Each structure stands twice: as C-alpha cells, then as structure tokens.
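The values are calculated or read from the model by the stated rules, or taken from the named source; none is laboratory data. These numbers come from a predicted model, not from an experiment. Every residue, glycine among them, receives a Cβ derived from its backbone with ideal geometry; neighbour counts consider all protein chains shown. Surface areas here come from the heavy atoms of the whole protein model, side chains and all, with no ligands, DNA or RNA. Shrake-Rupley method; radii C 1.70, N 1.55, O 1.52, S 1.80 Å.
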Amino acid sequence: MQLPRRNQYYSVVTCFTLAIVLRSYCNNPISSSISCEAYVHPNTAALMHARSTSFSKNRNTHPQNQFQKAATATTGRINYLKTDQLQNRKSREWFYQVVKSTTSDVIMDITEEEKNTSTSTSSEVAALLPSPPSVSFSHVHLYVDALESVENYKDLEGKINQFHDNNKKDATVLFGPQNDGDFVTQNRDVVKQLICGLNFRVTGRSDDWSSEKEGTDSVLVTTVDPKGVQIVVTAKSSKSPGLDKSSSVRYTHFSAQALDRFYASHADRQGVAVLAFEVSERGGVDALYERYAKLHPKLLLDEQVQVYDDAKVLEVYAYYRGEKILSERDDGTLLRFVETLVPSAPINALPGLVSVDASFSSNAQAAYCDHWVSNVVSRTGFIDTLEDVLGFTPKVDFNAGVVAAGEAQIESTVTGNSSPFLTNLKDAALKDQSQVYLPINNALSPVGHVHGFIEEIGQGIQHIASRVDDLITFVQNANDNRKLTGEGFTFLGIPRSYYGILTVEQISYDIADGKKSTSPTISKGCAEAVISACESSGITDAEGAVDLGLTAIDVSSKLNALMANSPSNDCQEEYEQQKDIILQRILLSRYFNLYKLLRDNLTEESYLGIVRNCILVDVQGGDLLFQIFTSNILQRVPGEESPFFEYIQRVCSTSSLGDSCEAVLKPGCGGFGIRNFLTLFLSIEVSKAMREVIRAKKDGDTAAQEMAQKMVDLFTDQLNEANPILTDISDAMTAEGNAREQLTLAIEKCDESLVAKLQEEIDSAVTSKIAGNEKLMSCSSKYMCLMRDLRERRH
C-alpha cells in the first residue's frame with residue numbers, strides 16, 4: 001500500500017531504535033518461543049530490514065528470519081507487535097514497555113486504513129491482558145466558579161423542610177415574594193438549585209486539608225438514598241491556600257491544579273469534569289491501570305494509582321483529541337475509578353470527604369444513575385477505547401437519518417457493560433446502578449448543538465441522566481418549588497403539538513384502540529364551526545392547543561354559548577345531538593398523540609401531568625420511558641453552550657406498577673427513546689431559535705424576529721412530521737427484538753417450524769425498520785433543504 005506523501009514523515013532514529021528493540025526482544029531469553037510481527041510502512045520496513053542485517057551477526061539465540069519477517073511487513077504504520085504466544089506476565093510487561101518507549105510519534109498523520117489497523121491492534125493486545133473488572137456508577141464531579149458555606153446550604157435546607165412540612169405555606173415569609181416570570185437560569189448556584197428544586201441535600205464536605213492547604217472547597221450532594229445519585233461539587237476556596245511548593249498534594253481530585261487544568265481545556269467554563277465509577281473487585285483499580293498503561297498510556301493522568309486509607313483512586317483522561325492512540329489526549333474531562341478498601345466505611349463518594357448530617361422533606365424522591373452522555377470529536381474512537389479498557393460494547397445506534405434537525409445532523413451510539421444483575425422486583429431494578437450506559441454523540445454537520453458545543457467549549461459531558469420512581473410528581477414538585485421559592489430548575493420547552501392539538505379531523509373521527517374510525521361521525525362543517533368557536537372563545541390558542549387550565553365544565557360552558565349563536569341551523573342541531581362526544585374529543589386533543597400510543601393505560605390526571613410538565617414519552621414494546629431535560633446548568637450568559645440534567649422513569653412491561661412483577665426486569669427497559677432523542681435534538685434547536693425571537697423583538701429587529709420565528713416553525717413542523725415515522729420505527733424495532741429473543745429459545749428447543757416462523761417475523765420487522773429509516777431520512781433531507789434555503793435568504 002502506498003500512503004499519501006503527507007503521511008511519509010518518519011523518524012529515522014525511531015525506526016532504527018525499533019529495529020534494535022524488535023531484534024533484542026525476539027532474542028530475549030524470556031521470549032524465545034514468541035512469534036513477532038511488526039506492522040510498518042514499506043519505506044520504514046525497508047529501512048528496518050537494512051538495519052536488521054547489522055544486528056543479526058553473532059545472534060544465534062533466535063533465527064534471523066524472525067526479525068526479517070517483521071522488518072519486511074507492509075501492512076501499515078508501526079503501531080503494534082503481534083505476539084502469538086506470551087509465556088509469562090514478565091515477558092508481556094517487558095514487551096509493552098519497549099514498544100511504548102519506541103513507537104510514539106512515528107507518523108504525523110494517518111489514513112483510514114491505518115485507523116482500522118490501530119483498532120484491531122488494541123483489540124488483540126487487550127485480549128492478552130487480564131479481563132477488565134466490573135464497574136458500576138459512582139458519582140459525577142462538577143467544577144464550578146464558587147460555592148457558599150455548608151452553613152448557608154444547611155440554612156436553606158431547613159427552610160425547604162419547614163416549607164414542605166407546612167404544606168407549602170408561608171413561602172413568602174421564608175423566601176420572599178417571587179415572580180416566576182422573572183426567573184433566569186444563568187449564574188445560579190447548582191447546589192442551591194438541587195436543594196430547592198429537586199430536594200437534594202448536602203451530605204458531605206471536603207475536610208479541612210483541602211480548604212486550608214489545597215485551596216478548594218467541595219460538597220457532596222445526594223438524594224434521600226445516599227447510595228443513589230452522588231454529585232460532588234468543587235470550587236476554589238475564598239481562603240488563600242497554605243500549600244507551598246514543598247508540600248505534596250494529598251487529594252489530587254480536590255487540588256486547585258485539577259480545576260485549572262479543566263478550565264484551561266474547557267474554554268474557562270464550569271462543567272461536569274469527571275465521570276466516576278465504583279470498582280467492586282479487589283485489585284480492580286490496579287488491573288485497570290495496567291490496561292491503560294499497555295493500551296492507552298497517553299490517557300493516564302498519574303504515574304501510579306493513588307492509594308488512601310479507605311480507597312484506591314485511578315484517574316485517566318476520557319478522550320483523545322481525535323482518533324484514539326494516534327492523536328494526543330484531551331486534557332479536559334476525566335474518568336475516575338474508585339475501589340473501596342474499607343467495606344464498613346461511611347458512604348462517601350471520595351477520599352477527603354467527611355459526612356454531614358442531612359434531613360429530607362417528606363416528599364423527597366430518591367434518584368439513581370441511568371446514563372451519562374458525551375459530545376466528542378471521534379465517537380468510534382471513544383467507543384473503542386472503552387471497549388479496550390472496560391470491555392464495554394455498543395448497545396444502540398442512532399444514525400444520521402434519525403437524529404437531524406434542519407441542517408444539523410449527529411450520530412450517537414449507546415455503549416456500556418453487560419451487568420449480570422437480574423431481578424423481578426421493581427424497587428430493586430430502580431436502585432441498581434451496575435448497568436452502565438454511556439451514550440456518545442458526534443456532529444456530522446457544521447451547525448447544531450453538538451457541533452456548537454464542541455466548537456465553543458470542547459469535548460465534554462453533555463448531560464447527566466438519573467431515574468426516579470415517579471417522574472410526573474418529581475417534576476411537578478420541581479416546578480412548584482421554583483415558583484414558590486425562586487430557586488431550582490426550568491425544563492426544556494416541548495411544543496404542544498408533540499402531545500396533541502385540536503384539528504378538524506380529531507373532532508370528526510372516532511378513535512378506538514388507538515385507531516381512527518374509517519368514516520367521520522361528525523360532519524366537516526360542524527367540526528370547522530367548533531374549531532372556530534374554540535379559538536375565538538380562548539379554549540384553544542392559534543395553534544389549536546387547548547388551555548390546560550380549563551375544566552370540562554369551563555369548555556362546555558364557553559362552547560355552548562357560542563354554538564347556540566351559530567349561523568347554521570344544521571350545525572346547531574348536530575352540535576346539540578353530539579355535544580358530549582365533541583366535548584370528549586376536545587379534551588382528548590390535549591394529549592391525543594400520547595393516547596394513540598398508551599390508550600387507557602394512564603389516567604387523565606397522569607396524561608395532563610405529562611403535558612403540563614413537558615415530559616416526553618416513548619414506548620418500546622410494552623415498556624414505557626418518561627423523560628425530561630432541565631434547561632442549561634452552570635451557564636453564565638444566555639446562549640452559551642453548557643451541560644444539563646435529564647430525569648427519567650422506566651416502566652417495564654413485566655411490572656404492573658406494583659412492588660413486584662411476574663418476570664425478570666430488563667436493565668434499561670424502555671430503551672433510550674428513539675422518538676424522544678429526535679424531540680430533544682429538535683427542542684434544543686427550537687429553544688435557541690426562540691431565544692433569538694425574544695432577542696430580536698427586544699431589539700426591535702423585525703426582520704430578524706420574522707426569520708427566527710420561521711426557524712421555530714420549521715423545527716416544529718419537522719417534529720410533527722417525523723413523530724409518526726418514529727413510532728413506526730420503534731414498533732418495528734420492538735417486534736424485531738421480541739422475535740429474536742423467541743428465536744433463541746426456539747433454536748434451543750430445535751423447533752424448526754417455530755424458527756422458520758420467527759425468522760419471517762424478523763425479516764418483516766427489519767423490512768419495516770428499513771422503510772421507516774428511509775422515510776425519516778427523506779423527512780430529514782426535506783427540512784435540511786428548507787432550513788438551508790431559509791438561511792441563504794437571510795444572508
């Protein structure tokens with residue numbers, strides 16, 4: 001293979017040294033039975049072959065042709081040595097040490113084939129190492145601009161508890177008068193937001209050493225279950241650190257240098273700096289260090305594992321700047337692995353934290369880690385790295401046809417471990433954090449949120465997702481708390497069309513079992529008159545969304561008054577005969593799209609709670625997924641890219657919403673919301689366009705306001721058009737998954753007829769899925785062109 005000229009820059013010294021290494025390794029007594037191969041560029045191979053001749057003299061321990069085979073290999077860059085047999089660990093350690101010391105910076109650029117060679121390389125080397133230890137979610141670590149004192153946070157917690165204990169009375173006395181319309185999300189203390197908005201509490205703080213010697217303050221914030229979500233928040237201390245150059249850093253994870261490094265690599269922004277995992281196996285952290293040292297040494301933060309009285313801690317850089325191994329490390333986000341050495345130690349996320357007493361209000365819900373999402377340059381590179389060191393494998397792929405909003409396109413893959421945890425108890429499934437999921441996004445276009453995030457602040461954590469038992473109540477409490485206390489979170493706005501709006505068709509046709517009747521039961525003329533009356537009386541807005549504050553009596557009273565004065569006698573008569581059905585269909589329109597999916601499995605109260613609080617709903621088979629996303633956190637200026645939180649509820653089909661269920665619950669039941677993924681992506685773009693509408697209106701820029709509104713309309717139209725297509729794709733994926741599970745059992749039972757039947761079902765589902773993807777890509781292409789045309793007209 002002849003590489004492009006730009007890739008033919010090699011270090012003669014490195015090639016010469018590698019020749020020595022190869023020769024000496026293959027002649028080393030501890031490796032006498034090992035078959036060696038070097039994968040090199042032809043030019044380098046020729047050089048190595050020439051050099052090898054001079055080193056082969058007086059070498060009779062190992063045949064010369066062993067090295068010549070290596071030196072004449074022509075399958076790519078020098079990126080690994082392939083070993084057929086490694087006799088012992090000592091041999092293996094020596095082997096990787098010499099390779100590590102001689103193969104760095106051999107090539108300044110790479111080709112696609114070389115990337116593929118690198119991927120296969122690390123996989124083969126990984127197979128020679130001890131198996132990676134099991135990991136589970138531990139905590140996330142935020143680096144922020146400032147923290148208040150623990151005493152201030154405890155005072156706020158006391159007020160919140162008093163507020164809830166008095167049934168939300170005396171809010172004005174405790175928090176002062178509030179106007180929710182004045183609430184802004186920027187420049188807020190995330191600890192206060194968690195305390196007031198979501199009933200988290202400060203349950204730990206850094207010890208005096210960190211504050212007095214290392215110049216930082218930290219708090220641990222958790223929900224009512226301290227084993228669930230743990231959020232460590234660190235800021236530089238207002239005190240002058242007493243650490244001098246002769247002093248050693250006791251806790252590297254709380255050092256001021258750690259904050260400086262992250263800020264410098266993250267456009268001087270606050271953010272989620274560390275994703276931390278618990279390693280339960282004794283010696284597991286050491287095993288992970290070995291895997292990183294052999295497979296990804298560039299990503300090691302420290303030269304050794306940090307050992308404390310109660311835990312071992314390993315920190316590594318999460319990402320490469322580009323392709324894995326071949327590019328340099330990204331100095332921003334870290335992965336942290338914590339192995340507890342004292343089983344009876346108190347539940348604290350990190351060495352250096354001390355416990356703080358906390359009292360929770362009666363309505364506090366526990367939250368548990370579900371998935372953590374990254375925006376990266378090389379999605380496949382991060383996937384491969386996680387597979388190399390942790391054994392993670394891809395679980396779900398969202399391709400460009402699925403995740404597109406206007407001109408913005410991304411790809412996303414959910415990778416993770418395969419936890420052996422199984423249960424038939426709903427509560428146990430909620431609390432289990434051994435199943436780790438890490439969705440990974442990369443941008444495919446130079447516009448959109450993911451591209452903007454990476455361009456503006458670099459690779460990093462887009463959002464942190466946690467699950468709760470009752471999301472509707474959880475979010476309702478958060479919204480109530482914010483309005484009454486003036487602190488907490490707002491949530492990403494979702495267009496009402498996602499849930500349902502009133503149309504002539506919905507009034508005209510009956511719906512049973514989620515399907516529309518074949519013929520109308522209300523005439524089109526009467527339906528149009530009802531639509532007009534609803535809009536003129538304020539029952540609906542101009543888009544057809546029914547006012548959620550109106551009761552059935554309110555709607556009936558307003559509509560009766562207007563329809564009684566209808567100019568059409570025929571319409572008046574039809575309305576009087578059908579007004580109960582018409583009223584029912586008007587009220588159903590508030591959540592019509594959801595009802596088509598879920599029908600009578602939810603109460604009207606639950607449906608309205610979902611719509612009122614902008615909760616997303618997805619269905620996969622019989623499983624449900626409820627999702628909601630906060631507005632940006634840790635944001636100083638409106639419009640800046642920054643992370644956010646996600647909260648979800650998984651309702652498994654085998655669970656009857658009671659304490660137990662009939663069958664084993666699947667980890668991650670309900671999937672990752674193929675419909676909601678696109679809705680999130682579109683909603684982020686809608687929110688950005690809406691901010692532009694508000695800004696332009698404030699500035700009196702009519703042209704800019706009209707343009708931004710057209711963008712909002714296009715994104716909303718794309719959401720409405722894509723929604724039924726996504727439903728079809730989701731249904732096909734569910735059918736395929738169910739059939740494949742049954743197929744495995746049928747094969748085990750040697751039931752040939754059932755195998756044939758299930759294979760037909762799989763083929764049919766795959767065909768439907770492919771057809772759905774093609775429709776979705778067509779839809780995406782349509783709105784990409786429309787948005788591009790709109791942008792070009794603007795310029």
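One table, with the values for the structure above:
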quantity: Condition met for residue 188 (in contact with an Asp or Glu (Cβ under 8 Å, 6 or more places away or on another chain), within 18 Å of residue 225 (Cβ to Cβ) and at pLDDT 95 or above); calculated: no
quantity: Residue in the stretch 199-208 that is open to solvent by less than 40 Å² (accessible area, probe 1.4 Å), modelled with pLDDT under 90 and of a type in the set (Ser, Thr, Tyr) present; calculated: no
quantity: Tally, over the stretch 355-411, of residues that are among the hydroxyl-bearing types (Ser, Thr, Tyr) and under 30 Å from residue 160 (Cβ atoms); calculated: 5
quantity: Residue list for the stretch 279-309, restricted to those being of a type in the set (Asp, Glu) and crowded, with 16+ Cβ neighbours inside 10 Å; calculated: 286, 290
quantity: Criterion: more than 19 Å from residue 219 (Cβ to Cβ) and either small (Gly, Ala, Ser) or surrounded by fewer than 16 Cβ atoms within 10 Å (Cβ to Cβ) (or both) - qualifying residue of 264, 273; calculated: 264
quantity: Scope the stretch 501-518; condition modelled with pLDDT of 90 or more and of a type outside the set (Phe, Trp, Tyr); matching residues; calculated: 501, 502, 503, 504, 505, 506, 507, 508
quantity: Residues that are buried (at least 18 other Cβ atoms within 10 Å of the Cβ) and in a helix (DSSP H, G or I), drawn from the stretch 209-220; calculated: 210, 211, 213, 214
quantity: Pairs, first free of Cβ contacts under 8 Å to residues at least 12 places away in the same chain in the stretch 569-581, second polar (S, T, N, Q), C-beta under 7 Å, six or more apart; calculated: 572/566
quantity: Those residues of the stretch 543-587 which are surrounded by 18 or more Cβ atoms within 10 Å (Cβ to Cβ) and within 30 Å of residue 619 (Cα to Cα), in sequence order; calculated: 544, 545, 546, 550, 582, 585, 586, 587
quantity: Criterion violated by residue 530 - all others in (1) closer than 21 Å to residue 649 by Cα; (2) modelled with pLDDT of 85 or more; (3) open to solvent by less than 20 Å² (accessible area, probe 1.4 Å) satisfied; calculated: (1)
quantity: Among residues of the stretch 368-393, those that are within 15 Å of the chain's Cα centre (by Cα), touching a residue at least 60 places away in the same chain (Cβ under 8 Å) and either over 17 Å from residue 442 (Cα atoms) or not in a loop (DSSP other than H, G, I, E, B) (or both), counted; calculated: 10
quantity: Listing of strands (runs of 3 or more DSSP E) fully contained in the stretch 423-537 that carry 2 or more residues being touching a Lys or Arg at 6+ places or on another chain (Cβ under 7 Å); calculated: 437-443
quantity: Checklist (1) part of a strand (DSSP E or B); (2) within 29 Å of residue 430 (Cα to Cα); (3) open to solvent by 10 Å² or more (accessible area, probe 1.4 Å) applied to residue 409, failing item; calculated: (2)
quantity: Within the stretch 585-609, tally of residues that are among the aliphatic types (A, V, I, L, M) and under 15 Å from residue 723 (Cβ atoms); calculated: 3
quantity: Those residues of the stretch 257-271 which are among the charged types (D, E, K, R), closer than 17 Å to residue 186 by Cβ and touching a residue at least 40 places away in the same chain (Cβ under 8 Å), in sequence order; calculated: 269
quantity: Flag if residue 508 is in contact with a Pro (Cβ under 6 Å, 6 or more places away or on another chain), more than 30 Å from residue 687 (Cα to Cα), crowded, with 18+ Cβ neighbours inside 10 Å and among the hydroxyl-bearing types (Ser, Thr, Tyr); calculated: yes
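Residue-wise test of (1) crowded, with 18+ Cβ neighbours inside 10 Å; (2) over 28 Å from residue 549 (Cβ atoms); (3) acidic (Asp, Glu); (4) modelled with pLDDT under 90.
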position: 596; (1), (2), (3), (4): no, no, no, yes
position: 599; (1), (2), (3), (4): no, no, no, yes
position: 618; (1), (2), (3), (4): yes, no, yes, yes
position: 636; (1), (2), (3), (4): no, yes, no, no
position: 642; (1), (2), (3), (4): yes, yes, no, no
position: 647; (1), (2), (3), (4): yes, no, no, no
